[in-house]
Amino acid sequence: MKKRLDEVSPSMCLAKWLQVSMHLTNGLTQSCYHPPTHKIDLEELEKNPKALHNTSQKKTERKMMREGLRPKGCEYCWKIEDAPGEHMSDRHYRSGEPWARGAFEEVVGHPYDYDVNPRYVEVNFNQSCNLACAYCSPHLSTTWEKEIQKFGEYPTLIPHNSIEALEKQGLMPIKHKKDNPYLKAFWQYWPELYKDLKVFRMTGGEPLLDPNTYKVLDYIKDHPRDDLELAITSNMCAHDDLFDKFLSSMKDIVGKKKLKRFMLFPSVDTWGEQAAYIRYGMDWEKFWGNVNRYLDEVEDGLITFIVTMNLLSVPQLKRFMEGVVELQKRHNKHFHRVFFDVPFLRYPAWLSLQNLDDRYYHYLEETIEYMKAHPETNDNYLGFRDFWIAKMERVLSWTKEGVGNEEELHKRKVDFYRFFSEYDYRRNVNFLEVFPEFKDYWQECEELSLKHG
Ligand code: SF4
Ligand code: SF4
């Protein structure tokens, strides 16, 4: 793919044409997900629903790429390519993905400003969410929004989760949600968009709370596609009626093989009551019960847990891995059905793993030892693949890199204390009762906060 891209230009990238995140709550878009989001023009959209993806800004950037110029928003890739030595960036990897490769000829055979149908689409229909996870925000969750409306922003060093600040950044959902022009354009575009789609991901808010999710599922039931991959991220704690409705759709779609593949991504960051503290509003028993129900009732259904690794994930992480093995024993019969990914949390900084010191590394080391003691076996599909273990080792080495700046670390600890003492007060929970392992850490953070005044 690198050679083929170079023949077009040294900055050509298929992801600018073929991959899109559509934020239909606030009318923002980006291609791919590294460049900052920008606003979709309502006048353009009125005339042409394809402007949901093919904005004037993207067309200008596509022209630059065809001419060998570098759009500024793609800094993520340029930095990698300019580092000493020979490096491939996401530009090469993304363009080489199966969903992009097949459309190479189409893209280069058309003028830069034609309206292309994207192949990889990620969409969030709305911000309705029944949870208010510690690292989330009012523009993504209605539960968070209601709390901030009632109590105001959090009293961290820089006030956190201010609705006013999010409004200034254009991130809050548009006011007239019932008459959302971006959503209207999406459904106008959908039949045309659907025929070329290769990967479609629904995120939120909580997708299972949104009628548009079921509208997509109903459409797929009636228009099967054996070359389409679908994915939904879910907190798995929707009301039982909705979860039943979701299961019934998935039994039809997955059971009758109406897609190439469906992946359910349950979000969870550790085990039990510590997981429920981080993901406020989560009912742990319901979560784990729904994971089992999905795997029991949807024949050949697959799940990938998204474990957003933050410093509160570590004490119960080994227990979570034991839970993964319990699920494998119950549900993996002829192939692997249970997977997980461990992206690091970077924001808000006070929850970063890098704030931890050597008193806490043993939790991650014990998790890795447990995984190594349960390697993948080919006869019964149990245990952990080598690259899962390697990923967890990367998490540990990244954690050990630390913050590298004492002043910054102190600020993060002050914010940790200020955020969670307010969180406890507003939500009637108790950090130290749930996380006794962090008693010393909490005291240090409290002292630093007092010193800051
Ligand atoms: S050049 Fe890099 S940042 Fe820009 S669209 Fe391609 S993959 Fe994304
Ligand atoms: S479940 Fe997702 S959208 Fe809801 S609060 Fe948690 S992170 Fe945010």
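When cysteine pairs in the chain are screened for C-beta atoms closer than 4.7 angstrom, the residues that find no partner are Cys13, Cys32, Cys74, Cys77, Cys129, Cys237, Cys445. Amide H to amide H distances under 5 Å link Glu122 with Val20, Ser21, Met22, Arg201, where only residues 5 or more positions off or on other chains count and H is placed in the peptide plane.
Protection proxy ranking for 199-208, 224-233, using the average of other Cβ atoms within 10 Å per residue and placing the highest first: 199-208, 224-233. Judged by the ratio a/c of the largest to the smallest principal axis of the C-alpha gyration tensor, region 132-404 counts as oblate, that ratio being 1.5 or greater while a/b is no larger than b/c. Which chymotrypsin sites (Phe, Trp or Tyr not before Pro) in region 220-263 pass both tests, a DSSP loop state and at most 15 other beta-carbon atoms within 10 Å? Here no loop site has a sparse enough neighbourhood. Each residue of region 180-185 was assigned a 3J(HN,Hα) from its phi angle through the Karplus expression (A = 6.51, B = -1.76, C = 1.60, θ = phi - 60°), giving 5, x, 6, 5, 4, 5 Hz with x at Gly and Pro.
When you restrict to C-alpha pairs under 8 Å that are six or more residues apart and normalise by the size of the chain, the relative contact order lands at 12 percent.
Tell me the carbon and sulfur percent of the accessible area for the chain, rounded to whole percent, probe radius 1.4 Å.
On the way: 10270 of 20530 Å².
Solvent-exposed carbon and sulfur of the chain make up 50 percent of the total.
With protein chains left intact and a 1.4 Å probe, residues in region 2-123 average 47 Å² of accessible area per residue. Remark: the Leu450-Glu393 segment gains 16.9 nm on full extension, using 0.36 nm per residue and subtracting the alpha carbon distance. For GluC sites (Glu not before Pro), the sites in region 56-111 that DSSP calls loop and that have at most 15 other Cβ atoms within 10 Å are Glu67, Glu86. For the chain, the longest principal axis of the C-alpha atoms and the axis of helix 386-401 are separated by about 60°. Extension gain, Lys333 to Ser56, is 94.7 nm, computed as 0.36 nm per intervening residue step minus the present C-alpha separation.
Over region 27-68, what is the relative contact order in whole percent, taking alpha-carbon pairs under 8 Å and six or more residues apart? Intermediate results must be reported in sequence, preceding the final value.
Details: 25 pairs, mean separation 11.7, N = 42.
So the answer I get is 28 percent.
For region 301-403, chymotrypsin sites (Phe, Trp or Tyr not before Pro) are listed when DSSP marks them as loop and at most 14 other Cβ atoms sit within 10 Å of their Cβ; the list is Phe335. Protein heavy-atom accessible surface, 1.4 Å probe, per residue over region 163-246: 47 Å².
Helix 439-452 and the longest principal axis of the C-alpha atoms of the chain enclose an angle of approximately 80°.
In terms of overall dimensions, region 2-123 has a Cα radius of gyration and Dmax of 13.9, 47 angstrom. Here the contact order of region 405-453, divided by its residue count and restricted to Cα pairs under 8 Å and six or more residues apart, works out to 52 percent. For the chain, take the longest principal axis of its alpha carbons; what is the angle in degrees between that and the long axis of helix 284-297, to the nearest 10 within 0 to 90? Compared with the principal axis, the helix lies near 40 degrees.
The values are calculated or read from the model by the stated rules, or taken from the named source; none is laboratory data. Remember, it's a predicted structure, so these values are computed and weren't measured experimentally. Note: ideal-geometry Cβ built from the backbone for every residue, glycine included; neighbour counts use all protein chains shown. Ligands, DNA and RNA are stripped out before the accessible areas are found, and what is left, the full protein with its side chains, is counted by its heavy atoms. Shrake-Rupley method; radii C 1.70, N 1.55, O 1.52, S 1.80 Å.
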